[in-house]
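Structure, as structure tokens:
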Amino acid sequence: VSQATWSQPENRPSRSAESILAKRLESGEFKPSRDELFELARHADPYVAHAARRVLADETHSWTPDEITRLTPTDRLQALLAIKPGTRIDPDTAETACECWVPLFLSDTDEHVQFEALRWIAEARLTEHLPAVEDIFARSDVSFKLFEAAIATWNALSGHPELGVRNTPKLLERVRDTSSSPQIRAYALRLLPNEWVGLDDVNSEESDRKDGLTIELMRKLL
């Protein structure tokens with residue numbers, strides 16, 4: 001072997017400080033305070049952040065909505081990410097947890113928290129929250145990102161997750177709704193497929209497109 005010049009001794013890199021910290025968190029060797037855990041959950045290293053959220057998850061059963069609402073927006077987001085996995089593992093408590101936490105996070109004042117709440121609803125198929133999801137993409141103050149997320153969640157709850165952020169009938173309904181804010185109608189218009197623009201009610205041969213964006217409607221929108 002000593003004659004084999006192509007064979008080199010194995011030089012394993014030393015473990016990084018981040019990997020050591022993550023291991024200490026997971027093993028329970030390092031027991032930071034809750035405030036420190038929230039700070040670590042925002043760590044740039046994904047393994048440290050994940051380990052911190054796993055430790056936080058063990059404490060979520062003692063949390064109350066009042067104390068979570070008093071946290072900063074970034075910590076409320078980490079609280080959501082810590083609570084959510086537990087609802088998948090323990091089905092006995094999942095329903096109660098969802099009833100308690102999902103409405104709280106969905107009505108949060110921070111867009112990032114609302115976005116993750118919508119993701120939670122879509123992934124878990126929490127159809128009981130469909131009316132609340134519809135309320136989001138009817139609001140006048142919602143951002144385009146949140147509007148897209150609400151459409152995608154609505155599609156998932158309606159049994160059509162493959163549509164993603166596209167749902168032509170729903171989008172057209174919003175475009176035509178004169179009671180909706182101009183901003184929301186513009187969002188819906190932006191998401192409509194190009195082939196639905198400029199269709200004429202009289203000349204269109206495709207019956208399912210006769211209610212598309214006709215020239216008359218486009219004039220009104222202009």
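The values are calculated or read from the model by the stated rules, or taken from the named source; none is laboratory data. The structure displayed is predicted, hence computed values, not measured ones. Every residue, glycine among them, receives a Cβ derived from its backbone with ideal geometry; neighbour counts consider all protein chains shown. The accessibility values were calculated without ligands, DNA or RNA, using every heavy atom of the protein model including side chains. Shrake-Rupley method; radii C 1.70, N 1.55, O 1.52, S 1.80 Å.
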Theoretical gain in end-to-end length, S107 to S143 [0.36 nm per residue, Cα-Cα removed]: 11.5 nm
For W63, solvent-accessible area (1.4 Å; no DNA, RNA or ligand), Å²: 20
The range 52-189, accessible surface, carbon-and-sulfur percent (1.4 angstrom probe): 53
Environment charge of W101, counting only residues whose C-beta is closer than 13 Å and scoring Lys/Arg +1, Asp/Glu -1: -4
Length gained when the stretch H61-R219 is fully extended (0.36 nm per residue, less Cα-Cα span): 51.3 nm
Positive minus negative residues near D110 (Lys, Arg vs Asp, Glu; Cβ under 15 Å): +1
Linear extension gain, A97 paired with K23, 0.36 nm per residue minus alpha-carbon span: 23.8 nm
Computed E for Q183/S158 - FRET, C-beta separation, R0 35 angstrom, nearest 0.05: 0.90
